[in-house]
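Visitor: My questions will all concern the structure given below.
What follows is calculated from the coordinates using simple rules that are stated; it is not laboratory data. Computed from a prediction, not measured in an experiment: that's the story for all the values here. We place every Cβ from the backbone using ideal geometry, glycine too, and count neighbours over all the protein chains shown.
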Amino acid sequence: MSSQAPETSAGTARMQAAVAAGVFGCAVLLAAGAVGIPSNAGYGGVGPNFLPWGVAAALALCGVLLLREALTGGFRATEDPGGGARAHLSAGLWVSAGLLLNAALIGTLGFILSCTLCYWLAVQGLRRAAGQGAGSPRTWALDALTGALIAAPVFWVFTKFLAINLPGLTRTGWL
Amino acid sequence: MDVLNALMAGFATAATPANLLWALLGCALGTAVGVLPGIGPAVAVAMLLPITAKVEITASMIFFAGIYYGAMYGGSTTSVLLNTPGETGSMVTALEGNRMAKNGRAGAALATAALGSFVAGTVATVVVTLFAPWVADFAVRLGPPEYFLLMVLAFTTVSAVLGKSTLRGLTALFVGLAMGCVGMDQISGAARYTLGQPELLDGIDIVLAAVGLFAVAEVLYAALYEGRLQGTQNAMGRVHMSLRDWRRSVPAWLRGTAIGTPFGCIPAGGTEIPTFLSYAVEKKLARGPDLAEFGRQGAIEGVAGPEAANNATVTAAMIPLLTLGIPTSNTTAVLLGAFQNYGINPGPQLFTTSASLVWALIASLYIGNLMLLVLNLPLVGVWVRLLKIPRPQLYAGILIFATVGAYGMRQSAFDLFLLYAIGVLGVLMRRFDFPTAPVVVGMILGPLAEAQMRNAVAIGEGSWAVFVQRPMSAALLAVVLAVLVLPRLLRGWAVRRMALARTA
């Protein structure tokens with residue numbers, strides 16, 4: 001909670017500078033997008049492009065100030081975000097694969113199968129992150145079963161009781 | 001007498017068997033998400049927002065309010081038993097509560113937390129009952145300039161005041177405002193930042209933002225950084241308070257309630273400041289053997305006071321939400337989204353146009369509190385068992401529910417990709433200590449604030465001076481400035497007190 005600049009390693013400083021640059025980059029993109037927004041203000045003095053320009057300018061300023069903090073001792077008053085110092089990238093890839101495949105396949109495979117796949121891939125990643133190893137064919141089968149046992153009732157409750165449209169593999173309404 | 005009649009009518013609506021069942025379901029679900037790591041009330045409500053398409057508004061608002069409340073009760077259980085507070089509100093509870101649990105007094109800590117939450121929740125609901133109509137009467141007289149400044153006030157408090165760094169808070173706010181700009185402009189209908197995607201014409205849905213930032217980001221973060229996190233769980237023990245515990249708890253509950261309620265009423269929400277203040281006060285007032293327990297065996301006042309303050313703040317936060325339409329936390333922002341799904345914008349008119357809804361909701365707060373007491377005192381052992389779910393399976397399961405929330409809105413695979421992108425953004429924000437509440441509040445209030453601002457300038461015939469010419473808006477402008485300065489002083493005071501209290 002101190003407001004002094006904390007001791008930060010060169011690596012952290014580089015990452016923080018990259019984040020600051022990213023914020024600034026977003027501002028530039030917002031400004032580029034704002035050029036195409038009409039400015040006709042009607043009765044008031046303010047048109048639909050006012051807020052986009054304002055936000056772009058404010059974000060640009062934040063980016064510059066963040067960069068200054070990053071380069072002069074790191075972001076101020078940061079708290080430990082928790083967890084390890086290094087990212088467990090392969091675990092992140094497993095979870096990402098689950099989410100992205102789910103997005104790509106849900107329309108064709110249907111909710112239950114697609115979510116089971118997402119669950120299965122995510123569990124593999126999370127288990128590796130926890131240092132539990134890759135598991136055996138038996139645990140893999142169990143994971144697939146668990147995923148289906150969560151996804152199927154969720155599908156049925158939401159489609160049958162709450163009448164929310166979720167895609168199925170078949171037209172039966174049960175799978 | 002009007003208030004009493006309205007409240008009785010509210011009870012009549014809220015106490016129908018169907019609505020009672022929704023309340024019970026919400027309270028149970030809320031307690032579960034409060035106990036479970038990786039998922040909080042905001043995301044639970046967000047994931048269930050698609051039900052607004054089918055379930056009638058009173059039932060779903062009662063349900064959502066139950067989740068919101070239940071999570072506060074559940075969160076204290078995790079704080080006491082695992083020393084991993086689910087949200088900032090139970091941080092202080094973890095301080096003393098975990099020490100009590102380590103010394104075999106987990107039962108007493110859980111009891112005082114649940115009873116304190118009940119007392120504070122009920123007292124604060126009475127305050128909501130009495131004050132909300134009064135605030136609404138007053139708020140009807142506000143025009144666009146005042147509304148705009150009230151929203152600026154909410155932005156300021158959420159981003160600049162509550163976080164640790166004003167700069168990072170403001171950055172998060174502007175990211176949220178930028179996300180809120182996506183889609184069709186409310187006033188002129190001009191498309192903004194749609195990149196030719198028809199899905200983006202409707203804007204980025206609040207469900208996507210909340211589920212992405214909280215649920216998906218949480219799972220990704222757990223996989224990337226928290227794999228080897230091993231928690232140790234304290235033994236439970238019997239849920240029981242001795243006479244001495246009672247004697248020490250009751251005044252602490254009342255003081256916590258008195259501290260928490262005003263903080264919830266003003267659009268400067270957030271439970272961090274009131275809970276820390278309550279802790280500092282309890283420690284200051286403790287004498288002799290009671291004082292000696294602080295920081296050692298764990299003092300029961302240090303659980304009772306902050307827990308009460310937490311619940312009082314959370315409950316009183318319903319006042320700005322219902323009367324002004326201004327959310328001051330993640331969960332109230334998502335609740336505002338739920339109202340919007342029904343085509344209702346909370347505000348002073350809500351008390352006249354949707355009186356039966358509002359009063360049923362308020363009545364359900366009384367009922368919910370009572371239900372939660374029953375759910376949490378005798379049944380606490382059941383909830384604790386939830387902690388036995390292995391983390392990989394739990395987190396992977398959350399993704400399934402996240403899919404329902406995101407995909408159930410409009411059956412678009414595009415939304416699921418966007419959900420992933422927002423999740424990655426959430427991981428970055430967490431890693432570099434950017435607060436996420438300003439993003440959600442900025443996103444949902446941004447378009448409303450923009451409309452008010454443009455109307456205000458139109459009223460002023462193009463002149464910005466309209467904001468200082470009207471006495472009320474000038475006063476609000478002054479309040480915004482004061483809010484930027486005062487809590488910093490207060491917080492500095494509280495931190496110094498905490499530091500003193502720890503070393504003493």
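Visitor: So which lysines can residue B:54 reach, going by Cα to Cα under 22 Å and dropping same-chain residues fewer than 8 places off?
Guide: Residue B:54 reaches A:160.
Visitor: Give the calculated FRET efficiency between residue A:138 and residue B:370 to the nearest 0.05, with a Förster radius of 41 Å applied to their Cβ-Cβ distance.
Guide: So the FRET efficiency works out to roughly 0.30.
Visitor: Let me ask something else. Suppose R0 equals 22 Å. What FRET efficiency, 1/(1 + (r/R0)^6) with r the Cβ-Cβ distance, do residue B:240 and residue B:130 give to the nearest 0.05? Walk me through the numbers on the way to the answer.
Guide: Details: r = 35 Å, r/R0 = 1.57.
Calculated value: 0.05.
Visitor: Moving on. Quick one: length gained pulling residue B:465 to residue B:15 fully straight, 0.36 nm per residue minus the C-alpha distance?
Guide: Length difference between fully extended and current span is 157.0 nm.
Visitor: Now, a different point. With n ≥ 4 as the cut-off for DSSP H runs, can you work out [θ] at 222 nm for chain A, using -39500 (n - 2.57) per run divided by the number of residues, rounded to the nearest 500?
Guide: One gets -21500 deg cm²/dmol as the mean residue ellipticity at 222 nm.
Visitor: So who's got an amide H within less than 5 Å of the one on residue B:191, skipping anything under 5 residues away but keeping other chains? H placed 1.01 Å off N, in plane.
Guide: B:185
Visitor: For the stretch B:314-325, take each phi angle, set θ = phi - 60°, evaluate the Karplus expression 6.51 cos²θ - 1.76 cosθ + 1.60, and give the result in whole Hz per residue in order, putting x for glycine and proline.
Guide: 4, 5, 5, 4, 5, 5, x, 5, 6, 8, 10, x
Visitor: Then there's this: Residues of A:79-87, mean number of Cβ from any other protein chain within 10 Å of their own Cβ, rounded to a whole number? Working shown, then result.
Guide: On the way: counts 3, 1, 9, 7, 10, 6, 1, 2, 7.
That works out to 5 on average.
Visitor: Next question. Tell me which of A:175, A:165, A:106 sits at the most positive position along the dipole axis of the stretch A:62-175, charges placed on C-beta atoms (Lys, Arg +1; Asp, Glu -1).
Guide: Checking the options against the dipole of the stretch A:62-175, the answer is A:175.
Visitor: Extending each Cα 7 Å along its Cβ direction at residue A:80 and residue A:57, get the distance between those two points in nm, one decimal.
Guide: In this crude spin-label approximation the distance works out to 4.2 nm.
Visitor: Return the long-range amide H neighbours of residue A:39 (sequence gap of 5 or more, or a different chain), with a cut-off of under 5 Å between placed amide H atoms.
Guide: Close amide H contacts, sequence-distant or interchain: none at all.
Visitor: Please give the peptides A:165-173, B:292-300 ranked by average Cβ packing (other Cβ atoms within 10 Å per residue), highest first, as a rough proxy for protection.
Guide: B:292-300, A:165-173
Visitor: Now a separate question. Measuring from centroid to centroid over Cα atoms, what is the spacing of the stretch A:114-142 and the stretch B:252-266 in Å?
Guide: So the two Cα centres are separated by 46 Å.
Visitor: I would also like to ask the following. Using only atoms on other chains, find how many Cβ atoms lie within 10 Å of each Cβ of peptide A:69-78 and report the average.
Guide: 3
Visitor: Right, here's the next one. Along the three principal axes, how long is chain A when you take its alpha carbons, biggest first, rounded to the nearest angstrom?
Guide: On the principal axes, chain A reaches 56, 53, 26 Å in Cα extent.
Visitor: Per residue of the stretch A:68-81, what does 6.51 cos²θ - 1.76 cosθ + 1.60 with θ = phi - 60° give for ³J(HN,Hα)? Whole Hz please, x for Gly and Pro, Karplus curve as stated.
Guide: These are the phi-based 3J(HN,Hα) values: 4, 4, 4, 7, 10, x, x, 4, 7, 6, 7, 10, 4, x Hz.
Visitor: Something else now. Compute the distance in nm between two label points, each set 7 Å from the Cα along the Cα-to-Cβ direction, one at residue A:14 and one at residue A:163.
Guide: In this crude spin-label approximation the distance works out to 5.8 nm.
Visitor: Apply the Karplus parameterisation 6.51 cos²θ - 1.76 cosθ + 1.60, with θ equal to phi minus 60°, to every residue of the stretch B:31-42 and state each ³J(HN,Hα) to the nearest whole Hz, in sequence, with x for glycine and proline.
Guide: Taking θ as phi minus 60°, the curve returns 4, 4, 5, x, 6, 5, x, x, 8, x, x, 4 Hz for the stretch B:31-42.
Visitor: Between residue B:284 and residue B:297, what length comes free when the chain is fully extended (0.36 nm per residue of separation minus the Cα-Cα distance, one decimal in nm)?
Guide: 3.0 nm is the gain from fully extending residue B:284 to residue B:297.
Visitor: For peptide A:116-127, what's the mean number of Cβ atoms from other chains within 10 Å of each residue's Cβ?
Guide: Other-chain Cβ atoms within 10 Å of each residue's Cβ, averaged: 6.
Visitor: Can I ask one more? May I ask you to order B:213-226, B:471-484, B:176-189 by the average number of other C-beta atoms within 10 Å around their residues, highest value first?
Guide: Answer by packing, highest mean first, reads B:213-226, B:176-189, B:471-484.
Visitor: So for each of A:115-126, A:92-103, B:459-470 I average, over its residues, the number of other beta carbons within 10 Å; can you give me the resulting order with the highest mean first?
Guide: Details: A:115-126: 26.2, A:92-103: 21.3, B:459-470: 14.6.
Packing proxy ranking, top to bottom: A:115-126, A:92-103, B:459-470.
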